[in-house]
Amino acid sequence: CKMITLQAVNVENFDEIISLSVSDEQREFVACNAESIAQAYVQEQCIPLAIYDGPHPVGFVMYCVDRDDGAWWLYRLMVDRAHQGRGCGRAALEQVLTRMKADPARHHIYLGVEPENPAVSLYRSLGFRFDGRVYGREHIMVLDY
């Protein structure tokens, strides 16, 4: 990926964003984009964004200040199967982390992930670590800053 930008999900790009998908073996790790966009509609603190490489949508990310604990959470990160392995997810996540870290009131970013999810290596490489909490199948990772 050469030119990653984060853009609002809107009526013009909605169909393209909901048509993006991960590989079959990755489906158990991430909700479909339509479900995530619906969640953002009813959970207004969520920030859903389309990931673009130049003019082409290649993925989706959603983050928010969680209503239960008041902390930043990365709720979703997905890159379409046709665009994986090119650094798109890393570039998008770096931009999202920069946005969250700009908030002077918070100093931790959390995410939930199944330990066998290949994205764990990406999260570790950006400074996330498992904090020992487990909710169902998801293990919580934290980035302190």
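What pairs can you find where one residue is in the stretch 3-29 and under 22 Å from Ala91 (Cβ atoms), the other is at pLDDT below 75 and among the aromatic types (Phe, Trp, Tyr), and their Cβ atoms are less than 8 Å apart, with a gap of 6+ or different chains?
Val22/Phe29
So which strands (runs of 3 or more DSSP E) are wholly in the stretch 67-142 and hold at least 3 residues that are within 14 Å of the chain's Cα centre (by Cα) and either surrounded by 12 or more Cβ atoms within 10 Å (Cβ to Cβ) or touching a residue at least 12 places away in the same chain (Cβ under 8 Å) (or both)?
Strands (runs of 3 or more DSSP E) meeting the threshold: 72-79, 108-113.
Taking the residues in the stretch 10-33 that are over 15 Å from His83 (Cβ atoms) and within 14 Å of the chain's Cα centre (by Cα) as candidates, determine which candidate is least open to solvent (accessible area, probe 1.4 Å).
Only one residue fits best here, namely Ala31.
Go through the stretch 2-22 and give me each residue that's part of a loop (DSSP other than H, G, I, E, B) and farther than 21 Å from Leu111 by Cα.
Of everything in the stretch 2-22, those that are part of a loop (DSSP other than H, G, I, E, B) and farther than 21 Å from Leu111 by Cα turn out to be Lys2, Met3, Val9, Asn10, Val11, Glu12, Asn13, Leu20.
Going by the conditions given, is Val61 outside any loop (DSSP other than H, G, I, E, B) and touching a Lys or Arg at 6+ places or on another chain (Cβ under 7 Å)?
Yes; evaluated as a whole, the condition is true for this residue.
Kindly indicate which of Gln39, Gln45 is at pLDDT below 95, polar (S, T, N, Q) and surrounded by fewer than 13 Cβ atoms within 10 Å (Cβ to Cβ).
Gln45
Considering every residue within the stretch 52-64, establish whether at least one is modelled with pLDDT under 95, crowded, with 16+ Cβ neighbours inside 10 Å and closer than 18 Å to Glu138 by Cα.
No, the stretch 52-64 contains no residue that is modelled with pLDDT under 95, crowded, with 16+ Cβ neighbours inside 10 Å and closer than 18 Å to Glu138 by Cα.
The values are calculated or read from the model by the stated rules, or taken from the named source; none is laboratory data. Given the structure is predicted, the values throughout are model-derived calculations rather than measurements. All Cβ positions, even for glycine, are placed from backbone atoms using ideal geometry, and neighbour counts span all protein chains on display. For accessibility, only protein heavy atoms count, side chains too; no ligands or nucleic acids. Shrake-Rupley method; radii C 1.70, N 1.55, O 1.52, S 1.80 Å.
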